[in-house]
1. Could you please give the count of residues in the stretch 149-184 that are surrounded by fewer than 20 Cβ atoms within 10 Å (Cβ to Cβ), of a type outside the set (D, E, K, R) and part of a loop (DSSP other than H, G, I, E, B)?
2. Going through the stretch 19-62 one residue at a time, which ones are part of a strand (DSSP E or B), aliphatic (A, V, I, L, M) and open to solvent by 10 Å² or more (accessible area, probe 1.4 Å)?
3. State whether one or more residues within the stretch 202-211 are over 20 Å from F298 (Cβ atoms), open to solvent by less than 30 Å² (accessible area, probe 1.4 Å) and not in a helix (DSSP H, G or I).
4. Taking the stated definitions as given, is A84 free of Cβ contacts under 8 Å to residues at least 60 places away in the same chain, surrounded by fewer than 21 Cβ atoms within 10 Å (Cβ to Cβ), out of contact with any Ser or Thr (no Cβ under 9 Å at 6 or more places or on another chain) and not in a strand (DSSP E or B)?
5. Take L265 and decide whether it is under 19 Å from R226 (Cα atoms), over 32 Å from the mean Cα position of the chain (by Cα), surrounded by 13 or more Cβ atoms within 10 Å (Cβ to Cβ) and without any contact (Cβ under 8 Å) to a residue 60 or more places away in the chain.
6. If I go through the stretch 87-132 residue by residue, how many of them are closer than 28 Å to G51 by Cβ and in a loop (DSSP other than H, G, I, E, B)?
7. Which count do you get for residues in the stretch 291-309 that are among the hydrophobic types (A, V, I, L, M, F, W, C), open to solvent by less than 70 Å² (accessible area, probe 1.4 Å) and within 20 Å of R225 (Cα to Cα)?
8. Please state which of the following conditions Y243 fails to meet, knowing it meets all the rest: (1) of a type in the set (S, T, Y); (2) at negative phi; (3) open to solvent by 60 Å² or more (accessible area, probe 1.4 Å); (4) in contact (Cβ under 8 Å) with a residue 12 or more places away in the chain.
Amino acid sequence: MKTNDPEKIWREPLVHTYSIVARDPETGQLGVAVQSHYFAVGSVVTWAEAGVGAVATQSVADPAYGKLGLDLMRGGKAATDTLAGLLASDSLKEIRQVAMVDSRGRVAAHTGSSTIPEAGHIIGDGFSVQANMMLNSSVWPAMAEAYRASKGELVDRLLAALDAAEAEGGDIRGRQSAAILIVEGQGTGRPWSDTVFDLRVDDAPEPLIEIRRLVSIRRAYIHNRRADAALAASDLDTMELEYAAAERLIGENPEMRYWHAVALLGHGKTDEGIAMLREVAARDRNWVELTLRLPATFLRVDSSVIEQIRKLLK
């Protein structure tokens, strides 16, 4: 797949890192998570497509493993056959590290004999953990143990594996960036809807702490979307529960609280909606101004309610 020219080899991304690819047996979700002392590691290592598979390509990384790997698995090839075929055409396979999982949970991984130690991988049931240029050879076994022992959603289990790697010393050079990409088990042809998490920390002193913060925010927006769906179905009890979860996860950001207020106003709960909007406006009056600018498709209220909203600006 690449040249033997040493100068060209070292122009490729030197993504010495630890990562995990996995398929959740309950939901079918496919995911890949990574951390490295490398700028914007997610731009190179992480690849996934709903209903197809997930790929991590690292060491002296060739991103073609991600693109071609997904293409072949989309065409029906197992992860094992896909990786074997790609390695067979790569004259530089001994400096690569690659792992993939397909939509049926079949897993394949490769650690080239010339990857920088400490380096290795472990294949488990529906997952693979891999690492190179680590401080200790205990990194990837700790990742596998943490993933197997963890509970909850796929995102939580992937993060547990990354935390375990860092606790064992991680990358010998330290920390810089992280990424997590999770897609649904079945594709709809709408990749923007099929993507559950697509988060990157491109440069930070503590990327794993930051990626967890972003996961929490993303979860808030997932709950907000569910609240919108409940609102459209006039299921106000579910709407309230979903907005409450979103507001708890989003922290100081007033966005979820604001749309909760708008939803209440639109469903005739004027006193509750005005009280909530007043609370948001106490921090920034522009939210009230925004409310007055909303078209009727967003804010279905009569003129008396509009007047109550306008009074919040006085």
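1. Result for the stretch 149-184: 5.
2. Kept after step one, since they are part of a strand (DSSP E or B), are these residues of the stretch 19-62: 19-23, 30-36, 46-49, 53-60.
With aliphatic (A, V, I, L, M) added as a condition, the list becomes 20-22, 30, 32-34, 48, 54-56, 60.
Once the filter is applied, which keeps residues that are part of a strand (DSSP E or B), aliphatic (A, V, I, L, M) and open to solvent by 10 Å² or more (accessible area, probe 1.4 Å), the stretch 19-62 yields only A48.
3. Going residue by residue through the stretch 202-211, those that are over 20 Å from F298 (Cβ atoms) are 202-211.
Okay, now just the ones that are also open to solvent by less than 30 Å² (accessible area, probe 1.4 Å), so 204, 207-208, 211.
Going one step further and asking which of them are not in a helix (DSSP H, G or I), we end up with 204.
Checking the stretch 202-211: at least one residue is over 20 Å from F298 (Cβ atoms), open to solvent by less than 30 Å² (accessible area, probe 1.4 Å) and not in a helix (DSSP H, G or I).
4. On the way: free of Cβ contacts under 8 Å to residues at least 60 places away in the same chain: yes; surrounded by fewer than 21 Cβ atoms within 10 Å (Cβ to Cβ): yes; out of contact with any Ser or Thr (no Cβ under 9 Å at 6 or more places or on another chain): yes; not in a strand (DSSP E or B): yes.
The answer is yes for A84.
5. Values: under 19 Å from R226 (Cα atoms): yes; over 32 Å from the mean Cα position of the chain (by Cα): yes; surrounded by 13 or more Cβ atoms within 10 Å (Cβ to Cβ): yes; without any contact (Cβ under 8 Å) to a residue 60 or more places away in the chain: yes.
Considered against the rule, which asks whether it is under 19 Å from R226 (Cα atoms), over 32 Å from the mean Cα position of the chain (by Cα), surrounded by 13 or more Cβ atoms within 10 Å (Cβ to Cβ) and without any contact (Cβ under 8 Å) to a residue 60 or more places away in the chain, L265 comes out as yes.
6. The total comes to 8.
7. Of the residues in the stretch 291-309, the ones among the hydrophobic types (A, V, I, L, M, F, W, C) are 292, 294, 296, 298-299, 301, 305-306, 309.
Right, trim to open to solvent by less than 70 Å² (accessible area, probe 1.4 Å) and you get 292, 294, 299, 301, 305-306, 309.
Still in the list and also within 20 Å of R225 (Cα to Cα): 294, 299.
Qualifying residue count for the region: 2.
8. Condition (3) is where Y243 drops out.
The values are calculated or read from the model by the stated rules, or taken from the named source; none is laboratory data. Treat the numbers as computed from the prediction; the structure is a model and nothing was measured. Methodologically, a virtual Cβ is constructed for each residue, glycine included, from the backbone with ideal geometry; neighbour enumeration extends over all protein chains shown. Areas reflect the complete protein model, heavy atoms only, side chains present, ligands, DNA and RNA absent. Shrake-Rupley method; radii C 1.70, N 1.55, O 1.52, S 1.80 Å.
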